[in-house]
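Structure, as structure tokens:
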Amino acid sequence: MTTVVRPAPGAAAGPDRPLSVPRTEPFPDGPLRDRRLGRAHRDLRVSVTDRCPLRCSYCLPAEGIPWLPARSLMTAAEIVRAVGLATGLGLVNVRLTGGEPLARPDLVELVAGIVDLPAAPAVSLTTNGVGLADVAGPLARAGLGRVNVSLDSVDRLRYAAVTGRDRLGLVLEGLEAAREAGLEPIKINAVLLPGVNDGDAEELLAFALARGFELRFIEQMPLDGGRLWRRDRMISAAAILERLGASHRLTALPETTTAPAARWLVDDGPGTVGVIAAVTRPFCARCDRVRLTADGQLRGCLFSDAESDLLGAMRAGASDAELSQIFRLCVADKPAGHGIGRPGFRPPRRPMSAIGG
Ligand code: SAM
């Protein structure tokens, strides 16, 4: 049985064909679960824009990529409505990302709108940190809980070599502003690239330990807009740990059920280091994430091109029940794993910046 969703009179521009939302799904109640592994989902990543001023070579090519048209980006009200429905379905951890979320002028109001929802979800932010010094305080006062800042080198020239921009000073100011604003724990995300910043692992760790930031290295994934990723050119988790292990005592910490980073205590603590080995040690069997792109497409998996047009349905006048059903079906159909390394694997059509990291 299906529900046909037609545009409401006077609704904002949406698809001109009726939408078909099937009514049946395998787990009608309780947390959202997928059919294949029955994974319970708690985490919603919302890309609030695909725009970003940096050109990290593992993410965006130097010449950039065409941005989504402004009219296809979700408005703050549409995002708050989508998140409200998601929290009602058990997606209670909300991370705002992009693109660069700080590129969105209404970010503070957006955070306040999400925090004000009846479920009062925990809201966190992933940012390049470049504009963070100006808004860390307002974001914290609006109810933002935590922040992850991307920082691939603490050397000015190598930072610029990775990101294509001379912005290290602004990121460092942003990190301190985040600490002063109480946006803790502050996590730092770093991607190492061979021949560019692969010698920076120890310096990054020293920087993070000295300031009480939690450093996590992310294995480079085939998600760059320039399509340059090569399995034999990426720095693996094993290589990172070998380098750090040469000068530090690393003690493995017990894995949590859903967090993607494996963590080690450094030199008996209290500092830790994490490695997100998405390529060499995939954690898909524990994945509890759903993604909403800046143009309102729901995705169960970063690496699958399957998307459900939540925003199109919303703009066509779908009811809350019908939109919730789109969430359920998206999660129900989630693939078992990303398949990197399997014969026939293809990177997703959209790069990371357009999906939301
Ligand atoms: N602009 C924000 C930032 O810089 O954190 C949020 C979006 S960015 C896509 C989110 C995270 O994805 C960053 O930590 C970035 O390092 C990571 N990322 C982007 N492309 C990646 C890739 N190909 N492999 C691994 N991580 C990647």
Among the residues of segment 308-333, what is the count of those that are surrounded by 20 or more Cβ atoms within 10 Å (Cβ to Cβ) and assigned to a loop (DSSP other than H, G, I, E, B)? 2
How many residues does segment 164-197 contain that are open to solvent by 40 Å² or more (accessible area, probe 1.4 Å) and part of a loop (DSSP other than H, G, I, E, B)? 9
Leading residue by the ranking (farthest from residue 217 (Cα to Cα)) among those in segment 256-277 that are in contact (Cβ under 8 Å) with a residue 60 or more places away in the chain and touching a helix residue (DSSP H, G or I) at 6+ places or on another chain (Cβ under 9 Å): 258
Would you mind listing the strands (runs of 3 or more DSSP E) fully within segment 16-117 where at least 3 residues are open to solvent by less than 20 Å² (accessible area, probe 1.4 Å) and at pLDDT 95 or above? 43-47, 93-97
Might you let me know whether segment 234-254 holds any residue that is within 14 Å of the ligand (Cβ to nearest atom), of a type in the set (D, E, K, R), open to solvent by 30 Å² or more (accessible area, probe 1.4 Å) and touching a residue at least 12 places away in the same chain (Cβ under 8 Å)? no
Taking segment 255-272 and keeping only residues that are at pLDDT 95 or above, open to solvent by less than 50 Å² (accessible area, probe 1.4 Å) and in a loop (DSSP other than H, G, I, E, B), one is left with 271
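The values are calculated or read from the model by the stated rules, or taken from the named source; none is laboratory data. Worth saying up front: this structure is predicted, and the values here are computed from it rather than measured. No Cβ is skipped: glycine too gets one built from the backbone with ideal geometry, and neighbour counts run over all protein chains shown. To get the accessible areas, we keep the full protein, side chains included, count just its heavy atoms, and leave off ligands, DNA and RNA. Shrake-Rupley method; radii C 1.70, N 1.55, O 1.52, S 1.80 Å.
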